[in-house]
1. Take Ala67 and tell me if it is among the small types (Gly, Ala, Ser) and either modelled with pLDDT of 85 or more or in contact with a strand residue (DSSP E or B) (Cβ under 7 Å, 6 or more places away or on another chain) (or both).
2. So which pairs qualify, if the first residue must be in region 51-78 and within 23 Å of Val35 (Cα to Cα), the second must be aromatic (Phe, Trp, Tyr) and at pLDDT 80 or above, the Cβ gap must be under 8 Å, and the two must be at least 6 apart or on different chains?
3. For Gly33, indicate whether it is in a loop (DSSP other than H, G, I, E, B), modelled with pLDDT of 85 or more and not hydrophobic (A, V, I, L, M, F, W, C).
4. For region 29-75, name all the residues that are hydrophobic (A, V, I, L, M, F, W, C) and closer than 21 Å to Ala18 by Cβ.
Amino acid sequence: MAKVEILTGAERQRRWSAEQKLSILQEAFGPDGSVSVVARRHDILPQQIYAWRKKFSPPKLGGPKSASFIPVSVIAPE
């Protein structure tokens with residue numbers, strides 16, 4: 001007969017709402033916040049908090065990747 005293992009621990013994949021994530025981010029990155037302390041308090045990995053921060057941060061605005069040129073015509077004065 002095959003050995004069967006039954007896992008009775010808490011489910012590890014939790015669902016966090018956007019409001020909960022933002023609340024945790026404010027807690028972690030607030031004036032007196034600490035990512036590691038907040039992660040322990042909520043039983044999540046610090047990497048998860050950094051991933052949420054990246055997800056919710058505004059996109060970085062950058063210039064064009066390559067140089068672009070605009071055609072110019074020089075007209076002699078009359």
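1. Numbers: among the small types (Gly, Ala, Ser): yes; either modelled with pLDDT of 85 or more or in contact with a strand residue (DSSP E or B) (Cβ under 7 Å, 6 or more places away or on another chain) (or both): no.
Taking the combined requirement at face value, the residue does not satisfy it.
2. So the pair list comes out as Arg53/Phe29.
3. Working: in a loop (DSSP other than H, G, I, E, B): yes; modelled with pLDDT of 85 or more: yes; not hydrophobic (A, V, I, L, M, F, W, C): yes.
So Gly33 passes the test.
4. Going residue by residue through region 29-75, those that are hydrophobic (A, V, I, L, M, F, W, C) are 29, 35, 37-39, 44-45, 49, 51-52, 56, 61, 67, 69-70, 72, 74-75.
Across region 29-75, the qualifying residues are Phe29, Val35, Val38, Ala39, Ile44, Leu45, Ile49, Ala51, Trp52, Phe56.
The values are calculated or read from the model by the stated rules, or taken from the named source; none is laboratory data. A quick note: this is a predicted structure, and the numbers were derived from the prediction, not measured. In this analysis, Cβ positions are derived from the backbone assuming ideal geometry, glycine residues included, and neighbour counts consider all displayed protein chains.
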